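For reference, the structure discussed in these notes is given below.
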Amino acid sequence: MNLLSKALITLLLISLTSVSYATPEQDKETFQSFYTERFPDISKAEFGDGVYALDQDARDQWEAMNDFPPYEDDLEEGETLFNTPFTNGKSYASCFENDGENIRQHYPKFDSKRNMVVTLELAINECRTNNDEEPLPYKKGDIAKISAYMASTSEGSEINIATPTSKGELAAYEAGKQYFYSKRGQLNFSCANCHIQNVGRKARSETLSPALGHPTHFPVYRMKWESFGTLQRRFDSCNKQVRAEPLPGQSEAYRNLEYFMTYMSNGLPVNGPASRK
Amino acid sequence: MKLKALSLIIIFGFFCTLANATTATDAAKSIQLAEDLWDKTKSAGHEWNTIKPLVAQAKQALESKDFATAIELSNKASQQAELALIQAEHEKTNWLNNLPK
C-alpha cells in the first residue's frame, strides 16, 4: 500500500469515527449551538417556549391566554392526587427524593441496576405498584396531572440529566439519538427534518418549533386535546403526522428518545406545565 | 334436453365453487403474507400507520367473500410494508447524514 492510500484510509477512518463516536457532550454542544447561532436574538432559556420564542404574533396571543391558564383546574387536581395517600397510608412523596418536590429536572434517569431509562411518569407508576396500587394509563389523564404538578414544583430549575458515560447509558442514549434522526412513516420524515432542518418554517399552517427546549415544559395542556398530555403523547401526534404508527407509552424506544432529547436540553430551565395549540 | 342443461348447470356451478374456493385461499394467503411483512416492520421499529387499516379492510372483504378486494388491499399492505422495511434498512446508516453540523 502506498503512502497516499494509507493517508486516505486514515482520513476516512477519522471522519467516520468523528461522526458516529461524538460524545454526548459534543452532541449537546453542536445541538445547542445550532439553535443559538441560527437565532442569535433568542436566549437559551427562551427556547423552552417553543414556537412562541420564534413567532411574536403567536406569542402575544399565547401570553394573553396565559393570564388565565387553561390548565389551572387540572394542575390543582394533580396536586390533590399527589397528596392523597395510598390505601396503605403512604404517599407519592415517600417514593422520591426531596419528597418529590423540585426533582423534574433530573428525569429521565438511567437506572444502572435495571439497565434502563426511567422517566418521571414511569417512576410515578412504579411508586403506585410498589404501594399495591394499580398503575395509571400512560400519556394522559391522572398521570399527566400528577406529573404536571411535580413539574410545577421545579419551575426555574435547570434540566440536569447526568451525562451518559457507562455502557448501558451510552447504548440507551445512542438508541434515542438514532430514533430522533431516523426518517419514519410513509412520509419519510425524521424528527430532525422538521424540528432542526426546518425549524422556524411553516408546515401547513404551523411554525415548526426548535427541538432545543422540547422537554422543558411538559406535560403540556393542548387546546386540541383539551387536557394535559405527556411528552410521549406528543411523540404520538408527531409520529401520526408522518404516518408512522405511534408506540405504547413508556416503550423502550420512547424512553430512550426522551432521554436523548432531555439531555440535549440540559441547562434550560423547567417551565412546565405549559399550554399549546 | 332438459337433463343436459341441468347437468351443464351443475358442472358450471361446481367449477364456480372450485374457482371461489381457490380465490378464498388466495385471499387468505395474501392477507397472511401482508401480516407477516407488517410484523417485520414492527420488529424493525418502522411501522407505518397506513398498514393496519389496509389489513383490517382486507380481512373484512374476505369475510364478506369479496376476494378480489381482499387480495387488492392486502397486496397494497404488503407493498407498503416492503417499503417500510427498505426505509428501516436504509435508515440503519442514513440517519447519520441528518445530524446537525
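Any read-out appearing in this document is the output of simple, stated calculations on the displayed coordinates, not a laboratory observation. Every value quoted in this text rests on a predicted model; they were computed, and no experiment measured them. Virtual Cβ from ideal backbone geometry, glycine too; neighbours counted across all protein chains shown.
Provide the convex hull volume over Cα atoms per residue for the stretch B:49-101, in Å³. Don't jump to the answer; show the numbers that get you there.
Working: hull volume 3.2 nm³, N = 53.
Enclosed volume per residue, from the Cα hull, is 60 Å³.
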Checklist entry - Using a Gaussian network for chain A with springs between C-alpha atoms less than 10 Å apart, which of these wobbles most: A:Q56, A:Q232, A:Q105? => result A:Q56
Checklist entry - How about the stretch A:180-230: which trypsin sites (Lys or Arg not before Pro) there lie in a loop by DSSP and see at most 14 other Cβ atoms within 10 Å? => result A:R201, A:R204, A:K224
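Taking Rh as the Kirkwood radius computed over C-alpha pairs, what is the Stokes-Einstein D of the stretch A:72-152 at 10 °C in a medium of viscosity 1.306 mPa s, expressed in µm² per second?
Details: Rh = 12.9 Å.
The calculation lands on 123 µm²/s.
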Checklist entry - On a 0 to 90 degree scale, rounded to 10, what angle separates helix A:252-264 from the longest Cα axis of chain A? => result 80 degrees
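Rounded to the nearest 0.05, what FRET efficiency do B:T93 and B:N49 have when you use their Cβ-Cβ distance and R0 = 25 Å?
Values: r = 25 Å, r/R0 = 0.99.
Calculated value: 0.50.
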Next on the checklist: If I build a Gaussian network model for chain A, linking alpha-carbon pairs within less than 10 angstrom, which residue out of A:L208, A:L187, A:L136 has the largest mean-square fluctuation?
Outcome noted: A:L187
Next on the checklist: If I histogram all Cα-Cα distances within the protein assembly as shown using bins 20 Å wide from 0, what percent of pairs lands in each bin?
Outcome noted: 24, 47, 21, 6, 2
Item to check | For A:F189, distant residues with modelled amide H under 5 Å away | outcome: A:R184
Item to check | Helix A:24-38 axis, angle to chain A major axis (alpha carbon atoms, nearest 10°) | outcome: 90 degrees
Checklist entry - Taking A:K183 as the anchor, which lysines have their alpha carbon closer than 20 Å to its alpha carbon, excluding any fewer than eight residues away along the same chain? => result A:K202, A:K240, B:K40, B:K42, B:K52, B:K92, B:K101
Next on the checklist: Quick query: amide H of A:I159 versus all other amide H atoms, modeled in the peptide plane; which residues come in under 5 Å with a sequence gap of 5 or more or a different chain?
Outcome noted: A:G267, A:L268, A:V270
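Okay, helix-only estimate at 222 nm for chain A: each DSSP H run of n ≥ 4 adds -39500 (n - 2.57), divide by all residues, round to 500 deg cm²/dmol; what do you get?
On the way: 9 runs with 116 residues, N = 277.
Helix-only estimate at 222 nm: -13000 deg cm²/dmol.
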Next on the checklist: Between 0 and 90 degrees, rounded to the nearest ten: what's the tilt of helix A:167-181 against the longest Cα principal axis of chain A?
Outcome noted: 80 degrees
Checklist entry - Short version: ³J(HN,Hα) in whole Hz for each residue of the stretch B:71-77, in order, from phi by Karplus 6.51 cos²θ - 1.76 cosθ + 1.60 (θ = phi - 60°), x for Gly and Pro, what are they? => result 5, 4, 5, 6, 4, 4, 4
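Can you give the FRET efficiency to the nearest 0.05 for A:E25 and B:Q79, using r as the Cβ-Cβ distance and R₀ = 51 Å? Write down the numbers at each step before the final one.
Values: r = 43 Å, r/R0 = 0.85.
My answer for the efficiency is 0.75.
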